[in-house]
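Note sheet for the following structure.
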Amino acid sequence: MSALITPTDLQQEIGRPGLVVLDVQFTLTGEGPGCYAAAHLPGAPFVDLDAVLAGEPGADGRHPLPDPAVLQEGLRAAGVDDDSAVVVYDQASSLAAARAWWVLRWAGLADVRVLDGGLAAWRGAGGAVSAGAVSPTPGSVTVRSCSAPVLTADGAAALTDAGVLVDARAPERFRGEVEPIDPVAGHVPGAVNVPMGHLLTDDGRLRSPDELRERFAAAGVTSDVAVGAYCGSGVTAAHTALALHEIGIRAAVYVGSWSHWVTDPTRPVATGG
């Protein structure tokens, strides 16, 4: 079953009991709250990726798994219950929304969907927006962590032999030609590169299942092999997991990703194509 919902379909569902829409707009420079204050779906509370959907940056990477208690508190404050039907969205690309989708599934929530094309698609379809503060009725969700497959560094390394490990970063970062964030350039030896940008249309929506299948198959990713995904810090990898979900492939996510891999100088590093 698809994890995506269109703006038109969401407009028809708004207001139904049990539906919770969460705004997870995000930028690497921390402007998510400002984006939310400028415009968001009416009634949608803001959930901060850095503060709620990830733990503190450090030895486990730049966006490690959140502390279950912190995640639970944040989701309850946003009005989420155990049986809520949750829709998450960001500005357009679903990068942050995919991280929210993956984390909420890891936390045990069963009904989580992503607004394909985000706020931009919503507005393009004539959807109303608000700039006002939102105070939802607190929810009672109980976080049950480890409900989605997670890769350790050793697991990611082993998967290069036992299956396919997908690196979701831009090609130049994968090849080690540039590294604007982490202290070491390159990639996990044996990984294959399927850049996130190649999975999106020009307006930020995911490509059709046939197109996604074609792009992944070209890198050796098919439904009959074990698949894992990583990126710089575990956000874009969740987007890859979402894209793979849309073609019926369940991928494990190496949450620490490259930002964790390079914390151990004994781990090997590959460069080139």
Among residues of the range 25-68 being without any contact (Cβ under 8 Å) to a residue 24 or more places away in the chain and outside any loop (DSSP other than H, G, I, E, B), the residue surrounded by the most Cβ atoms within 10 Å (Cβ to Cβ) is TYR36
Looking across the range 199-222 at residues that are under 15 Å from SER2 (Cβ atoms) and part of a loop (DSSP other than H, G, I, E, B), the single one that is farthest from the chain's Cα centre (by Cα) is SER208
Going through the range 1-24 in order, the residues found to be in contact (Cβ under 8 Å) with a residue 24 or more places away in the chain and at positive phi are GLY18
Residue pairs within 6 Å by beta carbon, gap of at least six or interchain, first lying in the range 76-94 and buried (at least 23 other Cβ atoms within 10 Å of the Cβ), second aliphatic (A, V, I, L, M) and in a loop (DSSP other than H, G, I, E, B), listed first then second, are ALA78/VAL47; VAL80/VAL141; VAL88/VAL24; ASP90/VAL24
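So is THR236 surrounded by 15 or more Cβ atoms within 10 Å (Cβ to Cβ) and closer than 22 Å to ALA157 by Cα or not? Give the derivation first.
Details: surrounded by 15 or more Cβ atoms within 10 Å (Cβ to Cβ): yes; closer than 22 Å to ALA157 by Cα: yes.
Yes; evaluated as a whole, the condition is true for this residue.
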Consider GLY273 carefully, then state whether it is at pLDDT 95 or above and not assigned by TED's automatic domain parsing to the domain that holds GLY61.
no
Considering every residue within the range 84-96, establish whether at least one is assigned to a helix (DSSP H, G or I) and under 13 Å from the mean Cα position of the chain (by Cα).
yes
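Residue by residue, here is whether (1) in a loop (DSSP other than H, G, I, E, B); (2) more than 21 Å from THR271 (Cα to Cα) holds:
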site: THR142; (1), (2): yes, yes
site: SER145; (1), (2): yes, yes
site: LEU165; (1), (2): no, no
site: GLU172; (1), (2): no, no
site: GLU177; (1), (2): yes, no
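The values are calculated or read from the model by the stated rules, or taken from the named source; none is laboratory data. None of the values given here were measured: they were computed from a predicted structure. Don't worry about glycine lacking a Cβ; one is built from the backbone with ideal geometry, like all the others, and counts go over all protein chains shown.
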